[in-house]
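Structure first, commentary second.
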Amino acid sequence: MIFMYDYVIVGAGLYGAVFAHEATKRGKKCLVLDRRDHVAGNIYTEEIEGIRVHRYGAHIFHTSDKTVWEYVNRFANFNHYINAPVANYKGELYNLPFNMNTFNRMWGVITPTEAQAKIAAQIEAAGITEPANLEEQAIALVGTDIYEKLIKGYTEKQWGRPCRELPSFIIRRLPVRFVYDNNYFNDRYQGIPEGGYTAIVEKMLEGSDVCLGVDFLLEKEKYAKVGKRVVFTGCIDAYFDYCYGPLQYRNVRFETEVLDTPNYQGNAVINYTDRETPYTRVIEHKHFEFGTQKKTVISREYSADWKVGDEAYYPVNNEENQQLYLRYKALAEGEKNVLFGGRLGEYKYYDMDKVIACALDAVKREFGEECL
Ligand code: UDP
């Protein structure tokens, strides 16, 4: 059989683009397919009123991995944006992540010792020794007041289930610190790419053939004959036609509006942490790039249940889904010519830097050498 491509890469998101770029550099021919009518997956950015809008939710690049940082910097310069979201709980404003500014606003404490004592007393009153779920983990980290006002409502809206039924690692993503520092991330490197994420992905895809509006899963047999190997970055359960039943995901819906004001909320990200406000956060896109346009664009973000056929945003990595994923993973290992990768292909709550690191690892396994 004569194959036209060395690789058929399913999904033009970050994982697929990094893989395509590295394979192309090594003289391989790649065909990249995507169901959507644009590249870049969920990191897609588009311009509205001269403002770059993150259509599928805010993406702030952050990493402590020097190799990954140097890698993305080959494709773009990054600005000096530092994420410092604010939480709005019924009109009370708190700095995030949980730090001395938050503790001061919550309890009037001034020193780290006072804040630690306040939290320790709340942990003791709650009687938590070994946190077994997100609720207990959150209380063990920051006490009951912060849990009730800044975590419970937000998390239950975002994940559509009680905090007691969620794994604790989700909340451990967030720093807790006893200094007056509102930087949301602990990572060494952070920023927003000048020119947007779409431009990065387009650069990565140079030299590959790209076909948009193509649903690989509808024509799996055909594409198996087009390329020697497949890199699949879609949902692993969908690849196997949900034969063991679907994994669970969360979907996100955005309500985007252009407003005739230069500055709507004074910050890129405001989280609404009460249970009653139907959206989880409001993004004002221009602030990611210090925009000075006359108008502004905001997106209200609503978390939504997911069903087969919807876009999958977040894997719900609880024990039950993890077990199910392992069954799909075993099937995936049997597909010798298919490599599964990325947030959906590996069913993991990866940030962008981890996606790049995993794609570069896959490149090493595939080509057996360091990155060029
Ligand atoms: N979280 C919270 N309150 C907030 C922000 C985050 O309780 O105001 C918790 C929530 O459980 C969420 C998790 O922290 O699922 C991770 O938040 P992150 O901002 O990392 O989520 P992402 O940006 O990936 O949607």
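The values are calculated or read from the model by the stated rules, or taken from the named source; none is laboratory data. Keep in mind that what you see is a predicted model, and the values were worked out from it rather than measured. Note that each Cβ is placed from the backbone with ideal geometry, even for glycine, and that neighbours are counted across all protein chains shown.
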Residue tally, condition surrounded by fewer than 17 Cβ atoms within 10 Å (Cβ to Cβ) and hydroxyl-bearing (Ser, Thr, Tyr), over the stretch 330-372:
1
Answer with yes or no whether ILE283 is within 16 Å of the ligand (Cβ to nearest atom) and in contact with a Lys or Arg (Cβ under 9 Å, 6 or more places away or on another chain).
yes
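How many residues, within the stretch 153-182, are β-branched (Val, Ile, Thr) and without any contact (Cβ under 8 Å) to a residue 60 or more places away in the chain?
Total satisfying the criteria: 2.
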For VAL363, are the conditions met, namely being assigned to a helix (DSSP H, G or I), among the β-branched types (Val, Ile, Thr) and at pLDDT 95 or above?
yes
The residue that is nearest to the chain's Cα centre (by Cα), considering only those in the stretch 157-183 that are within 10 Å of the ligand (Cβ to nearest atom) and basic (Lys, Arg), is ARG173
Of the residues in the stretch 57-80, those that are hydroxyl-bearing (Ser, Thr, Tyr), touching a Phe, Trp or Tyr at 6+ places or on another chain (Cβ under 9 Å) and surrounded by fewer than 18 Cβ atoms within 10 Å (Cβ to Cβ) number 1
Per the list (1) in contact with a Phe, Trp or Tyr (Cβ under 7 Å, 6 or more places away or on another chain); (2) modelled with pLDDT of 95 or more; (3) buried (at least 17 other Cβ atoms within 10 Å of the Cβ), residue check on ARG327 breaks on (3)
Just one listed residue, out of TYR154, TYR147, is over 29 Å from HIS80 (Cα atoms), within 14 Å of the ligand (Cβ to nearest atom), hydroxyl-bearing (Ser, Thr, Tyr) and in a helix (DSSP H, G or I), and it is TYR147
Which ranges mark the strands (runs of 3 or more DSSP E) fully within the stretch 171-254 that have 2 or more residues being crowded, with 18+ Cβ neighbours inside 10 Å?
189-191, 227-232
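Out of the residues in the stretch 290-314 meeting the condition of being assigned to a loop (DSSP other than H, G, I, E, B) and within 19 Å of ASN42 (Cβ to Cβ), tell me which one is nearest to the ligand (Cβ to nearest atom).
Only one residue tops the list, namely TYR313.
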Identify, from the list GLY91, GLY27, the residue that is without any contact (Cβ under 8 Å) to a residue 12 or more places away in the chain, away from the ligand (no atom under 16 Å from the Cβ) and not β-branched (Val, Ile, Thr).
GLY27
I'm trying to understand the selection: among the residues of the stretch 72-86, which are part of a loop (DSSP other than H, G, I, E, B) and either in contact with a Pro (Cβ under 8 Å, 6 or more places away or on another chain) or closer than 22 Å to GLU284 by Cβ (or both)?
PHE75, ALA76, ASN77, ASN79, HIS80, TYR81, ILE82, ASN83, ALA84, PRO85
Among the residues of the stretch 17-36 satisfying the criterion of being assigned to a loop (DSSP other than H, G, I, E, B) and in contact with an Asp or Glu (Cβ under 7 Å, 6 or more places away or on another chain), which is nearest to CYS211 (Cα to Cα)?
ARG35
Can you name the condition, by its number, that ASN317 falls short on among (1) within 16 Å of the ligand (Cβ to nearest atom); (2) closer than 19 Å to ARG229 by Cα?
(2)
Does the stretch 107-114 contain at least one residue that is exposed (fewer than 12 other Cβ atoms within 10 Å of the Cβ) and either assigned to a helix (DSSP H, G or I) or touching a residue at least 12 places away in the same chain (Cβ under 8 Å) (or both)?
yes
Within the stretch 37-52, work out how many residues are out of contact with any Asp or Glu (no Cβ under 9 Å at 6 or more places or on another chain) and either hydrophobic (A, V, I, L, M, F, W, C) or in a loop (DSSP other than H, G, I, E, B) (or both).
6
